[in-house]
Amino acid sequence: MKIPLIYNLRSIRQRPVSTAATALGMAVVVAVFIAMMALSNGFKAALVKTGSSDNAFILRKGAQAEMNSGIDRHTASVIASLPFVAADETGRPLVSPEIFVVVGLTRLNGGFANVVVRGISPQALKVRKGITITDGRMFQVGAPEILVGATLARSFPNTGLGDRITFGGRDWTVVGHFTANGSSFESEIWGENEQFMPVFRGEVFQSVTFRMKDPAAFDGVKQTLETDPRITVDVAREIEFYEGQSRLLSQVLGFIAVFISGVMAVGAIFGAVNTMYAAVASRAPEIGVLLTLGFRPRSVMSSFLAEAMIIALIGGVIGALLALPINGLVTSTTNWNSFSEVAFAFRVTPALLLSGLGFSVVMGLLGGYFPARRAAKQEVVEALRAEG
Amino acid sequence: MALVEMRDVTKAYHRDAQEIPVFSRVNLDIAQGEFLALMGPSGSGKSTLLNLLAGLDRPTSGRITVGSDDVTGMNARQLAAWRARHVGFVFQFYNLLPVLTAFQNIELPLLLTNLSKKARRDHVQASLEIVGLTDRAEHFPRQLSGGEQQRVGIARAIVSDPTMLLADEPTGDLDARSAEEILALLQRLNQEFGKTIVMVTHDARAAEHAHATMHLDKGVLTR
Amino acid sequence: MKFARLVLANLGRNKRRTVLTVLSVALAFFLFATLRSVLTTLDAARELGSESRLIVLNATGLTFPVRQSQIPRLEAMEGVKSVSWANWFGGLYQERPEDFFANFAIDPASYLALYPEVQLPPDQKTTFLAERTAAIVGKGLMEKFGWRLGQTVTLKGTIFPGDWDFVIRGVYTPTDPAYGDQNFFFRYDYLYERSGRRAEPGWFVLQLTDPASAATISARVDTMFKNSPTPTKTETEKAFQAGFVTMWGNVAFLMRAIGTAVFFAILFVAANTMMMAARERIGEIAVLKTLGFPDGTIFGIVIAEAGVMTLLGGAIGLVGARALFGSTHALDAFLPGFRVEGGTLALGFAIAATLGVISGALPAWQAARLSVVQALRKVA
Ligand SMILES: Nc1ncnc2c1ncn2[C@@H]1O[C@H](COP(=O)(O)OP(=O)(O)OP(=O)(O)O)[C@@H](O)[C@H]1O
Ligand SMILES: [Mg+2]
């Protein structure tokens, strides 16, 4: 026989302050958990979204990061001529050999930051999906013109259309702003690869990205390229490369999130244990009556567990609501693979909210277990005699 | 002049907008060294009267003086200090602190004085001797019988040598024998130590231990 | 003080509750100590760099090299005592990103002379200066991988391709733990030659004769190379370090936000305990009042109870964190010299006391203004 839930709701209402304190304690834990995970997810998402699984991404063998890599013109043209490179309407291969450098720029607030400057081929906007020029236009081939990522434009001076930025010893005119689905591209400056090449590292690209004709055939593409005797390269799906770049930091952030909220959770669980023991103690006579009426100890136990979970769930919901407003908040850190700054937004997803609620329920279960067991194991006579 | 003088004391409780009169214009004099029993049906206001005497509650109107002190004119802080000096209270359910030993319970009122630790110990020992519990000093309330607990309660009430002892049904929760012991003890305190005692009771035999008995019924106090 | 026993006896009334509350407070203060020590360690790192050393970088950006050809001109400058240089090698050990550690090529003699922080036994130093493939390794890193002196370690080059073998010829200990003992240094000349003479220094380090001249010399260096193919950006080592610390982003804000959250979470737990404890004792509080205990004393007793719990919990958490990180160096790989400072302990105790007062305030206030008559009626 089940003890109706209404019984628990009533008892929760009878001790509003204690319930509220316990629930709020858990709410804070859940909020911290969601916020920290949103940070980790946001960073990961910014980098992962940077890549597409339709694209192959090529670095010099062993380079690990664009910054370390060097790909000569010959290699780049070998790649562009391969049959599994997709082509646009006009038949030109969808390939972008790119320059990747990191330059130091002064921020609007005076601080100094390392910014990625990427030299792309004019095809790049077709190779990559989701790039939108929001203001202005694409740079002209052969001109010292640049596009500025939307996030970057917000925190650096001289990034308005028509403004000039100096780096690499030259002036560059801003002709457009672009968005890229909130990915880390939005923290970059883009110009033409042939313009950047002489200014920075001489006759070498850092990476080559191309659209595959058949993305499903990636393994074959990788195999062919990596064993081609004319070139020495590493090939990855673009999305996997960027995922790899984010892995360490998002793992560290995820670990910190779990560590901090785990330690806090133990504290909150202790709080719940206290509350539930008090609830059990104050209702000893009621429990006695229930047991006398023939309710099974197991029903008593699940009733108290349910009560603990209700309190926890209230906390979970409040915590989720507390954490919700940080969704979309933009912050920045460094991509240590290139020492460059990446801006990204906290990402509170429905799945994350759900796991926050799940977290709270687990806290409730753990906090309620021993008190509930105590309630169930109560001797009927003792329980009836105890004063309320 | 009487030790305690109640003049035209009226007490009414307010529940919501409703006024619940307990008694009105009661007059009572208690002489120094008296042992007075107060009887009356349940709900007649005996405890209320005792609480007023103890300075735990305030009359709706009227005046209460104890010795030279006007109890009705004091603020809460003054009342607390006054209670500590002048009132020893004995409860029906003993009301010992379960976490403290008998000794520590008795010592409580002395914590409010400037007495040294040693002086406090001497006082507590003396009280324990009077109530005959020297050997139970280190016991906790739950290790004592009801009668013993009440003796500790009385020891606590007399330890600071208050002007008067107020007892609200001190034997109400005890069997006949224990009750008899407690009453004998109160009587001794009155006769040997000259303590002024007011005792509320339901038990006519208990009242016989007192010098005088007063009855409170329907708001009227009669001898 | 004479009320201490009453306070302690009350805490002993429900031991499980007291213990659980103290433990949850302890956990909170353990977190507090950890989070704050991240900040103090970062602040220490910010202060770490010397004011009498300058770092000369390529003006274009951190990842662009400077030129060997610039060395003589720097050495000739007035106020510059000596010049050294180093290069970020970025090699991977065992190709696992988790095993990553910082590895640099340094010009051996000048670098060791410039960095007295790197303490190396004299015989090991001699070998390092003499042997081209020699490397010196921080003590912590040696322990992390269980390396031995004389062992050959292979790094996979990322910037400079290929497998690079080094023989560990020295183990250094830093004079200041904040300097870190997780670095791997090898010889720049080896890098230069094996790279087909293509390597260039990543940066220069200048030792100044007088730290006061830092600003003027920085400016002079940068003007000197302004119109050269490799313009420079020069700053004190301290400023350079501080810039690196800044690259983590707004760690301070994050730590503070979490710290505040921890405080509130634990405030709820402690306050709840105090309220439960006070509620169960309404009758006893009424008895104390009957005995003549003034409201202020009652208030104080309840606050003291809360204070004892939070201070005890605080002590366990704070001292525990200090002892734990002091003995295990668990975070040293991320944050060299990570430790819980005395200031953190002091601040922690102040917060614990505050927590006690706040969590006890409501029940204490309720207890103090409790009506004796009402409370006694409930009990009887
Ligand atoms: N705080 C209060 N609020 C409202 N009414 C009260 C309050 N205290 C007492 N009363 C009422 O005042 C009347 C006198 O109560 P009191 O406790 O003094 O009676 P009593 O004579 O001591 O009874 P008993 O013998 O049962 O102890 C009762 O009717 C009671 O309901
Ligand atoms: Mg009564």
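The values are calculated or read from the model by the stated rules, or taken from the named source; none is laboratory data. Here the structure is a predicted model, which means the values were calculated and not measured. Here the Cβ is made from the backbone with ideal geometry for all residues, glycine too, and neighbour counts use every protein chain on show. Remember, those area values only see protein heavy atoms, side chains included, never the ligands or the DNA or RNA. Shrake-Rupley method; radii C 1.70, N 1.55, O 1.52, S 1.80 Å.
Shown here for segment A:310-388: chymotrypsin sites (Phe, Trp or Tyr not before Pro) in loop regions (DSSP other than H, G, I, E, B) with at most 16 other Cβ atoms within 10 Å, namely A:W336. Annotation: amide H-H contacts under 5 Å for B:T10 (H modelled 1.01 Å from N, sequence separation of 5 or more, or interchain): B:R25, B:V26, B:T60, B:S61, B:G62. Each residue, B:A119 and B:R177, gets one label point 7 Å from its Cα in the Cβ direction; the gap between the two is 4.1 nm.
Among the residues of C:14-20, the average count of other protein chain beta-carbon atoms within 10 Å of the residue beta-carbon is 4.
Here segment B:2-222 is assigned +1 on the Cβ of each Lys and Arg and -1 on the Cβ of each Asp and Glu. Its dipole about the Cα centre then comes out at about 580 debye.
Rounded to whole numbers, the Karplus 3J(HN,Hα) couplings from phi for segment B:94-99 are 6, 6, 7, 7, x, 8 Hz, using 6.51 cos²θ - 1.76 cosθ + 1.60 with θ = phi - 60°, and x at Gly and Pro. In this structure A:T224 has an accessible area near 70 Å², from a 1.4 Å probe over the protein heavy atoms. Seen against the Cα atoms of chain B and their longest principal axis, helix B:76-86 is set at about 60 degrees.
Residue by residue, segment C:361-377 carries 3J(HN,Hα) couplings of 4, 5, x, 5, 5, 4, 5, 5, 9, 4, 7, 4, 4, 4, 5, 5, 4 Hz when phi is fed to the Karplus relation 6.51 cos²θ - 1.76 cosθ + 1.60 (θ = phi - 60°); x denotes Gly or Pro. Loop exposure criterion: GluC sites (Glu not before Pro), DSSP state outside H, G, I, E and B, at most 14 other Cβ atoms within 10 Å. Applied to chain A, the longest stretch between such sites is A:204-378.
The DSSP beta bridges internal to the protein assembly as shown are antiparallel in roughly 70% of cases. Relative to the dominant Cα principal axis of chain A, helix A:218-227 is inclined by about 50°. To the nearest 10, the accessible area of C:E47 is 110 Å² with a 1.4 Å probe. For GluC sites (Glu not before Pro), the sites in segment B:138-223 that DSSP calls loop and that have at most 13 other Cβ atoms within 10 Å are B:E138, B:E208.
Only lysines eight or more places from A:K213 in sequence, or on another chain, were considered; those with a Cα closer than 20 Å are A:K126, A:K129, A:K222.
From helices alone, chain C scores -18000 deg cm²/dmol at 222 nm; the rule is -39500 (n - 2.57) for each run of n ≥ 4 DSSP H residues, then divide by the residue total. The phi torsions of segment A:107-117, fed into the Karplus equation with coefficients 6.51, -1.76 and 1.60 and a -60° offset, translate into couplings of 6, 4, 7, x, x, 10, 9, 8, 10, 7, 10 Hz, rounded to whole numbers, with Gly and Pro shown as x. Springs join every pair of Cα atoms under 10 Å in this Gaussian network model of chain C, and among C:L254, C:L141, C:L312 the largest mean-square fluctuation is at C:L254. Angle, helix B:146-158 long axis vs. longest principal axis of chain B, Cα atoms, 0 to 90°, nearest 10? With rounding to tens, the tilt is 80 degrees. Relative protection proxy for C:355-366, C:153-164, from highest mean packing down: C:355-366, C:153-164 (other beta-carbon atoms within 10 angstrom). C:R194 contributes an accessible area of around 110 Å² to the protein surface, as traced by a 1.4 Å probe with all chains present.
Counted by Cβ distance under 12 Å from A:R374, the other residues give a net charge of +2, where Lys and Arg count +1 and Asp and Glu count -1. Note on surface exposure: B:S42, A:S183, A:S332, B:S24 rank B:S42, B:S24, A:S332, A:S183 by accessible area, highest first, 1.4 Å probe. Proximity of backbone amide H atoms, modeled 1.01 Å from N, is registered between A:F167 and A:W172 at under 5 Å, excluding neighbours fewer than 5 places apart on the same chain. Put simply, the amide H of A:T334, placed in the peptide plane, has neighbours under 5 Å in A:V342, leaving out anything fewer than 5 places away on its chain. The 1.4 Å probe gives accessible areas that order C:R377, C:R187, B:R188, largest first, as C:R377, B:R188, C:R187. For a straight C-alpha distance cut-off of 18 angstrom, the aspartates and glutamates reachable from A:K2 (same-chain residues fewer than eight places away being disregarded) are A:E286, A:E307.
Residues A:Y7, C:Y115 ordered from highest to lowest accessible area at a 1.4 Å probe: A:Y7, C:Y115. With a threshold of 24 Å on the Cα-Cα distance, the over-threshold entries among B:K117/C:K15; B:K46/C:K2; A:K44/C:K238; B:K195/C:K289; C:K139/C:K233 are B:K117/C:K15; B:K46/C:K2; A:K44/C:K238; C:K139/C:K233. Between C:G326, C:G249, C:G91, the Gaussian network model of chain C with springs among Cα atoms under 10 angstrom shows the greatest mean-square fluctuation at C:G249.
In chain A, helices alone account for a calculated mean residue ellipticity at 222 nm of -16500 deg cm²/dmol, with every DSSP H run of four or more residues adding -39,500 (n - 2.57).
For A:A345, neighbours were defined as the other residues whose beta-carbon sits under 14 Å from its Cβ, and their charges (Lys and Arg +1, Asp and Glu -1) total +3.
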